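Starting off with a structure, shown below.
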Amino acid sequence: MLQTIKKNISVIPAVPAHAAEGSRETKLLRVAAYCRVSTLQEQQESSYEAQVNHYREKIQNHPGWKLAGIYADDGKSATSTKKRLDFQAMIEDCMAGKIDMVLTKSISRFARNTVDALTNIRKLKEKNIPVIFEKESINTVEGSGELLLTILSSQAQEESRNISENCHWGIVRKFEEGKVMVNHSRFLGYTKDKDGNLVIVPEEAQLVRRIYKLYLEGNSSYRIKRILEAEGIPTVTGEKTWSTTTIDRMLSNEKYMGDALLQKTYTVDFLTKKKVKNNGIVPQYYIENDHEAIIPKELFYRVQEEKARRAAI
């Protein structure tokens, strides 16, 4: 019969990275902070500068920490992290081994998209880099961190959905009232007055009329493109190269005859902001004589007939 030997078991407690700096006298923990504000109201209540100063002082005054950088995106309200340059730079520096820990105010500051939040946090977790969310008191390398993070990120994503739906509701109400929404900085021939109405830019309107005339004289969109480029005529955004797609759209844009078709596209995903052509899925609104025309209606319809004739050949 084997003699039973009493086992002596001792527990070695876990030492989270953010709590171990006291034992690292020769190596300070490199800590970075990520700050973001996205609306004017947020800038008033909890300003961008206040966040940056708060984290700079907090890290520099901590005896076991070394400032690894303050990464801050000001005014970036996108639900995806792709448009936040400093956020991307911070993740790259973490992957390059330049950062040991990240501090941020809350999950909604870090990411409003569950997929983005979890993808980046898991990426950092694989490098043993914790993200500390101060408002929620969450450390992502601790056991319960990912469960809590999933729940809270989902809440943040739902908040973005509500914001997107509210914005869409407001835009549709404007459409119903006949208010035309156009990015006039990319609209050759028109600008906007102080009341937001479309007004003609004479020198640009002259070029629009010429493009319509060239088309009716038998030139294709590609031929028109080559003519404009050969003469050194820039696009509305100042580019030297013209796009045949842009010329085709100009030749079909009802706004040049003073009318406006609203909601030509619609957003199918509030996270990716992906827009698709509206083929009757959501209502459209057609406004006649909304603004001063550059192209007479009879000339505009002649161009549409010619486009149809060429397409049928």
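The values are calculated or read from the model by the stated rules, or taken from the named source; none is laboratory data. For clarity, every value in this text was computed on a predicted model and none was experimentally measured. Ideal geometry is used to build each Cβ from the backbone, glycine not excepted, and the neighbour counts take in all protein chains shown.
For segment 158-204, how many residues meet the condition of being within 28 Å of Leu251 (Cβ to Cβ) and modelled with pLDDT under 80? Let's see the steps before the verdict.
If we filter segment 158-204 for residues that are within 28 Å of Leu251 (Cβ to Cβ), which is where we start, we get 171, 174-175, 178-193, 196-204.
Pick out the ones that are also modelled with pLDDT under 80 and you get 171, 174-175, 178-185.
Of the residues in segment 158-204, 11 are within 28 Å of Leu251 (Cβ to Cβ) and modelled with pLDDT under 80.
Quick check: is even one residue across segment 133-148 modelled with pLDDT under 85, among the aliphatic types (A, V, I, L, M) and either under 22 Å from Tyr55 (Cα atoms) or surrounded by fewer than 21 Cβ atoms within 10 Å (Cβ to Cβ) (or both)?
Among the residues of segment 133-148, at least one is modelled with pLDDT under 85, among the aliphatic types (A, V, I, L, M) and either under 22 Å from Tyr55 (Cα atoms) or surrounded by fewer than 21 Cβ atoms within 10 Å (Cβ to Cβ) (or both), which makes the answer yes.
Another question, then. What's the number of the only condition in (1) touching a helix residue (DSSP H, G or I) at 6+ places or on another chain (Cβ under 9 Å); (2) on the phi > 0 side of the Ramachandran plot that Gly238 fails to meet?
Every condition holds for Gly238 apart from (1).
Go through segment 285-309 and give me each residue that's basic (Lys, Arg) and touching a residue at least 40 places away in the same chain (Cβ under 8 Å). Give the steps one after another, and end with the answer.
Residues of segment 285-309 basic (Lys, Arg): 297, 302, 307, 309.
Listed by number, the residues that qualify are Lys297, Arg302, Lys307.
Considering only segment 271-284, I want to know if a residue exists there that is closer than 22 Å to Lys213 by Cα, among the basic types (Lys, Arg) and either assigned by TED's automatic domain parsing to the domain that holds Ala205 or in contact (Cβ under 8 Å) with a residue 40 or more places away in the chain (or both).
Within segment 271-284, none of the residues are closer than 22 Å to Lys213 by Cα, among the basic types (Lys, Arg) and either assigned by TED's automatic domain parsing to the domain that holds Ala205 or in contact (Cβ under 8 Å) with a residue 40 or more places away in the chain (or both).
Within segment 82-117, can you find the residues that are closer than 27 Å to Glu158 by Cα, touching an Asp or Glu at 6+ places or on another chain (Cβ under 8 Å) and surrounded by 16 or more Cβ atoms within 10 Å (Cβ to Cβ)?
Arg84, Asp86, Phe87, Leu103, Thr104, Lys105, Ile107, Ser108, Arg112
Could you please find all residues in segment 212-230 being within 21 Å of Tyr301 (Cα to Cα) and crowded, with 16+ Cβ neighbours inside 10 Å?
Tyr212, Leu214, Tyr215, Asn219, Ser221, Ile224
If we keep just the residues of segment 182-211 that are under 29 Å from the mean Cα position of the chain (by Cα) and in a helix (DSSP H, G or I), which is surrounded by the most Cβ atoms within 10 Å (Cβ to Cβ)?
His184
Further, regarding this structure: Could you list, in sequence order, all residues of segment 187-224 that are farther than 17 Å from Thr244 by Cα and among the hydroxyl-bearing types (Ser, Thr, Tyr)?
Tyr190, Thr191
Hey, another quick one. Under 7 Å by Cβ, and 6 or more places apart or on different chains, what pairs join a residue from segment 27-53 that is assigned to a helix (DSSP H, G or I) with one that is at pLDDT 80 or above?
Within 7 Å, the pairs are Tyr48/Cys35; Tyr48/Ala72; Gln51/Cys35; Gln51/Lys105; Val52/Cys35; Val52/Ile70; Val52/Ala72.
If I filter segment 96-114 for residues that are in a loop (DSSP other than H, G, I, E, B), touching a helix residue (DSSP H, G or I) at 6+ places or on another chain (Cβ under 8 Å) and among the β-branched types (Val, Ile, Thr), do I get at least one hit? First the steps, then the outcome.
Of the residues in segment 96-114, the ones in a loop (DSSP other than H, G, I, E, B) are 96-100, 105-106, 111-113.
Going one step further and asking which of them are touching a helix residue (DSSP H, G or I) at 6+ places or on another chain (Cβ under 8 Å), we end up with 99-100, 105, 111-113.
From the residues that got through so far, the ones that are among the β-branched types (Val, Ile, Thr) too are 99.
Checked segment 96-114: at least one residue is in a loop (DSSP other than H, G, I, E, B), touching a helix residue (DSSP H, G or I) at 6+ places or on another chain (Cβ under 8 Å) and among the β-branched types (Val, Ile, Thr).
Within segment 233-270, can you find the residues that are small (Gly, Ala, Ser), surrounded by 12 or more Cβ atoms within 10 Å (Cβ to Cβ) and either without any contact (Cβ under 8 Å) to a residue 24 or more places away in the chain or assigned to a loop (DSSP other than H, G, I, E, B) (or both)?
Ser243, Gly258
Oh, and also: From Arg30, Arg36, Arg84, grab the single residue that is modelled with pLDDT of 70 or more, in the same structural domain as Arg122 (by TED's automatic domain parsing), touching a Lys or Arg at 6+ places or on another chain (Cβ under 8 Å) and under 19 Å from Ile129 (Cα atoms). Before you say what the answer is, go through the steps one by one.
Working: Arg36 fails: under 19 Å from Ile129 (Cα atoms); Arg84 fails: under 19 Å from Ile129 (Cα atoms).
None of the other options fit; the residue is Arg30.
Just give me the residues in segment 111-143 being in contact (Cβ under 8 Å) with a residue 60 or more places away in the chain and in contact with a strand residue (DSSP E or B) (Cβ under 7 Å, 6 or more places away or on another chain), in sequence order.
Hits for segment 111-143 are Ile129, Pro130, Ile132, Asn139.
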